[in-house]
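Contents: one structure, followed by commentary.
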Amino acid sequence: MPDVDIICIQCKAEFLFTEKQQEMFYQRNMMAPQRCPQCRSKKAAKRPDAPSKYEIVCDHCGKRDSVPFQPKVGRSVLCKECHEATRSRARA
Ligand SMILES: [Zn+2]
Ligand SMILES: [Zn+2]
């Protein structure tokens, strides 16, 4: 199988789908990629299997909430409201 050029459906850039990649894709029963590696890695950055929410208990008011990042152990975490409050206080 020769290398093929594919036009990215997202950014319209041409990219090479190499023989090696084709082999890998066919072995996994996958369709040829439609996006260039750059667009794909942008997409991969948003891993759907990664938990997007972490349960926290607010250090300030004791309310349960979830945050989009993994809270650091030993660091105080605040619920959305308290976080907003401290942020607006800092800005003022
Ligand atoms: Zn692209
Ligand atoms: Zn709170």
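Data for the structure
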| read-out | value |
| --- | --- |
| Stokes-Einstein translational diffusion, the chain - Kirkwood Rh over all Cα pairs, 1.306 mPa s, 10 °C, in µm²/s | 93 µm²/s |
| The chain: calculated mean residue ellipticity at 222 nm from DSSP helix runs of at least 4, using -39500 (n - 2.57) | -9500 deg cm²/dmol |
| Where the range 4-45 is the region considered: accessible area per residue in Å², 1.4 Å probe | 78 Å² |
| Cβ charges +1 (Lys, Arg) and -1 (Asp, Glu), total dipole of the chain, debye | 540 debye |
| Extreme residue, positive dipole direction of the chain, given options ALA85, PHE17, VAL67 (C-beta unit charges) | ALA85 |
| Computed E for MET1/SER41 - FRET, C-beta separation, R0 30 angstrom, nearest 0.05 | 0.80 |
| Percentage relative contact order, the chain, counting C-alpha pairs under 8 Å, at least six apart | 17 percent |
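The values are calculated or read from the model by the stated rules, or taken from the named source; none is laboratory data. Source: prediction; values computed, not measured. Cβ: placed from backbone, ideal geometry, glycine included. Neighbour counts: every protein chain shown. The protein model used for the area step is the full one, side chains on, heavy atoms only, and it has no ligands, DNA or RNA in it. Shrake-Rupley method; radii C 1.70, N 1.55, O 1.52, S 1.80 Å.
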